[in-house]
Amino acid sequence: MKKYEELTFADDFMFCKVLTTNPNLCRELLELIIGRKVGQFTRLDQQQPIELTADGKGVRFDVYSEDDTGTVFDCEMQTTENRNLPKRSRYYQGMIDLNLIERGADYSELKKSYVIFICPFDAFGAGLHKYTFESICKELPQINLGDEATKIFLCASGDADDVSPDMKDFLDWLSGKQGKSRLVCELEEAVQRVKDHKEWRTEYMTLFMRDQEMMRKGTMSTLFSLVEDGILSIDVAAARVNMEPEEFKEAMEKSKAVSV
């Protein structure tokens, strides 16, 4: 676990807190990324869950916002490579649309939307700092589909001269370098304010313990199955979760009783 005082803007908890508690900074960052003005927010949420069916795979957006022009923004901090970002961006876009439109409503009610991934790595290996995708005609590239769905990938490790000085400064700061622009300085100050917030420190610790408990339950369930299938002995399985064999056996019996 990363210590609370060591968190940076690139850490999910910090990223969400800074942007959702500082609407003006969030708006400025979005404007820098998409290259146009963003209206007043009518909604600005962190870790917004979208689960449309009881048995379907839902999604939890990092920073989800809507403005008064009817535009939706999903901004994600993505620090791990090889997560199949193109397909994830497609899925996120679909979940946004399904969440926005009611069954039987007209398709024209779908809002303009941006799905944005901010990455320390080069997601496509072409050296760009920014990759913007819209639907165009393969035969006639000058024809845009006009579905108003845009996907943007910011890549801090790019080496091309393809973004503004302010954007380059932001991406350099994301990589750990000293920022110079006004926006980056204000973001840095906002990060420090989050670190100084006692209640949010407690929230961070609580979320960590919850996640650890969920991971432990998942691990225990797997070990129970391996023991039942004869793949692992109780002694070996218990050692993997720092339990005594008798304690592990008792937990396994309780699990069976609950499942029955």
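The values are calculated or read from the model by the stated rules, or taken from the named source; none is laboratory data. Values in this document were obtained by computation on a predicted structure and should not be read as measured data. Cβ atoms come from the backbone with ideal geometry, glycine included; neighbour counts cover every protein chain shown. Quick note on the areas: whole protein, heavy atoms, side chains included, nothing else; ligands and nucleic acids left out. Shrake-Rupley method; radii C 1.70, N 1.55, O 1.52, S 1.80 Å.
Worth pointing out:
- Those trypsin sites (Lys or Arg not before Pro) in region 131-180 that DSSP places in a loop and that have at most 10 other beta carbons within 10 Å: LYS138
- Take every Cα pair under 8 Å whose residues are at least 6 apart in sequence, average their separation, divide by the length of the chain, and the relative contact order is 14 percent.
- Compared with the dominant principal axis of the Cα atoms in the chain, helix 23-34 is inclined by about 70°.
- 19 Å Cα-Cα reach of LYS180 towards lysines, excluding residues that sit fewer than 8 places from it in its own chain: LYS168
- Note on the chain: with charges restricted to the Cβ of Lys and Arg (+1) and Asp and Glu (-1), its dipole about the Cα centre is near 60 debye.
- Here the chain has 50 percent of its accessible surface on carbon and sulfur atoms, given a 1.4 Å probe and all protein chains in place.
- Size of charge dipole - region 80-153 - debye, nearest 20, with Cβ of Lys, Arg +1 and Asp, Glu -1, no other charges: 280 debye
- A 1.4 Å probe run over the protein chains yields, for region 148-260, 65 Å² of accessible area per residue, whole-number rounding.
- Using the Cβ-Cβ distance between ILE143 and ASN24 with R0 set to 45 Å, the FRET efficiency works out to roughly 0.75.
- Largest-first principal axis extents, alpha carbons of region 56-179, Å: 50, 36, 31
- Longest exposed-site-free window of the chain, the sites being GluC sites (Glu not before Pro) in a DSSP loop that have at most 16 other C-beta atoms within 10 Å: 149-260
- Put a plus charge on the Cβ of each Lys and Arg, a minus charge on the Cβ of each Asp and Glu, and nothing anywhere else: the dipole of region 142-260 about its Cα centre is then about 260 debye.
- Viscosity 1.567 mPa s, 4 °C: Kirkwood-radius Stokes-Einstein D of region 141-218 over Cα pairs, µm²/s: 79 µm²/s
- Degrees separating the helix 165-174 axis from the principal Cα axis of the chain, which is the longest one: 10 degrees
- Computed over the Cα atoms of the chain, the ratio of the radius of gyration to the Kirkwood radius (Rg/Rh) comes to 1.05.
- Of all DSSP-defined beta bridges confined to the chain, some 55% are antiparallel rather than parallel.
- Against the chain, whose longest principal axis is taken from its Cα atoms, helix 85-100 shows a tilt of about 80°.
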